[in-house]
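**Q** Okay, here's the structure, questions in a sec.
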Amino acid sequence: MRVLLVEDHVELADTVAMVLRREGMAVDVALDGDAALERTGVTGYDVVVLDRDLPVLHGDEVCRLLAEQRYPGRVLMLTASGTVEDRVDGFALGADDYLPKPFALAELISRVRALARRRGTPLPPVLVKADLRLDPARRITTRGGRRIPLSAREFAVLEHLLAAEGRVVGAEELLDSVWDEQTDPFTTTVKVTIRRLRGKLGEPPLIETVHRAGYRI
C-alpha cells in the first residue's frame, strides 16, 4: 500500500509515518499543499492522508484539485475541527473520509486500510493460497497452521503477491507499492526480500520467479 501523508507539523508527520511504515505501508511525506500536488502528479498513491490546514496551498484546494483531476487515490482529510459543517465541507470538496484531530493512531490505520480496499477490486478479509493464510487486519501469516513471523516489509510483499491472484508482479511494481520514494530504484532489496520470504515460508516453494518478468504465487 502506497500512502502520501500531507502534514505540516513535522513531529506529527514523522510519528504517523513511522507508525504506518510499521504496518507495512510505503509512506511518502509532504509538508505543504504544493509539495503534495507535485508528488501526486508523478505517483499513484492508494491513499492521501491530507491535513486540512496547510501552508502554501490550503488542504481544501489540494482536495478540490485532486477531485477535479479524478485522482484514483482515496483522500482521508484530517482537521483540528470536527464539527458537522467541517465534515460536510470536506466531503463536498471530494474527500472520501474525515478524521478530526486529535485522533487515535489505531483508528487512522484502520481508516487508511479501509480506503485502500475501496480503491481496487475488493479482496477477501483473509488471503489464502494452498496452506498459506495471510490476515491483513490482524497482521498474521500461517502456513499449515504454523505461524510465520514476518517483518513489515516481508508481510507487505507477500500481501501484494497474494492479492495479485496469480498475476506476475514485476520488481518495479513491488518497489512502487511497498517501498517509499527514498528507496534506490536500482537496489536489490526486492530480490533480497523475496529470498528471505521463501526461506520463512518453507517447502514446497510458493513464490515463483518468472524470468525477466517478476514473481507470482
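**Q** Output yes when any residue across segment 16-24 is more than 21 Å from the chain's Cα centre (by Cα), modelled with pLDDT under 95, part of a loop (DSSP other than H, G, I, E, B) and of a type outside the set (F, W, Y), and no when none is.
**A** Narrowing segment 16-24 to residues more than 21 Å from the chain's Cα centre (by Cα): none.
No, segment 16-24 contains no residue that is more than 21 Å from the chain's Cα centre (by Cα), modelled with pLDDT under 95, part of a loop (DSSP other than H, G, I, E, B) and of a type outside the set (F, W, Y).
**Q** Would you pick out the residues in segment 178-217 that are within 16 Å of K129 (Cα to Cα) and outside any helix (DSSP H, G or I)? Full working, then the answer.
**A** Of the residues in segment 178-217, the ones within 16 Å of K129 (Cα to Cα) are 197-198, 200-208, 215-217.
Passing the criteria: G202, E203, P204, P205, L206, I207, E208, Y215, R216, I217.
**Q** Residues in segment 119-138 that are farther than 23 Å from P205 by Cβ, surrounded by 13 or more Cβ atoms within 10 Å (Cβ to Cβ) and among the charged types (D, E, K, R): how many? First the steps, then the outcome.
**A** Taking segment 119-138 as the starting set, the residues that turn out to be farther than 23 Å from P205 by Cβ are 119-125, 137-138.
Among the residues that remain, those that are also surrounded by 13 or more Cβ atoms within 10 Å (Cβ to Cβ) are: 119, 123.
Adding the requirement that they be among the charged types (D, E, K, R) leaves 119.
Residues in segment 119-138 being farther than 23 Å from P205 by Cβ, surrounded by 13 or more Cβ atoms within 10 Å (Cβ to Cβ) and among the charged types (D, E, K, R): 1 in total.
**Q** Looking at segment 146-166, I want the residues that are free of Cβ contacts under 8 Å to residues at least 12 places away in the same chain and have a partner that is surrounded by fewer than 21 Cβ atoms within 10 Å (Cβ to Cβ) with Cβ atoms under 7 Å, at least 6 apart or on another chain. Which pairs are those?
**A** R147/I140
**Q** Continuing with the same structure: Specify the residue that is farthest from T141 (Cα to Cα); the eligible residues are those in segment 9-25 that are touching a strand residue (DSSP E or B) at 6+ places or on another chain (Cβ under 8 Å) and open to solvent by less than 60 Å² (accessible area, probe 1.4 Å).
**A** A13
The values are calculated or read from the model by the stated rules, or taken from the named source; none is laboratory data. Note that the coordinates shown come from a computational prediction; the quantities given were computed from them, not determined experimentally. Here Cβ is always computed from backbone atoms with ideal geometry, including for glycine, and neighbour counts include all displayed protein chains. Please note that ligands, DNA and RNA were not included when accessible areas were found on the heavy atoms of the full protein model with its side chains. Shrake-Rupley method; radii C 1.70, N 1.55, O 1.52, S 1.80 Å.
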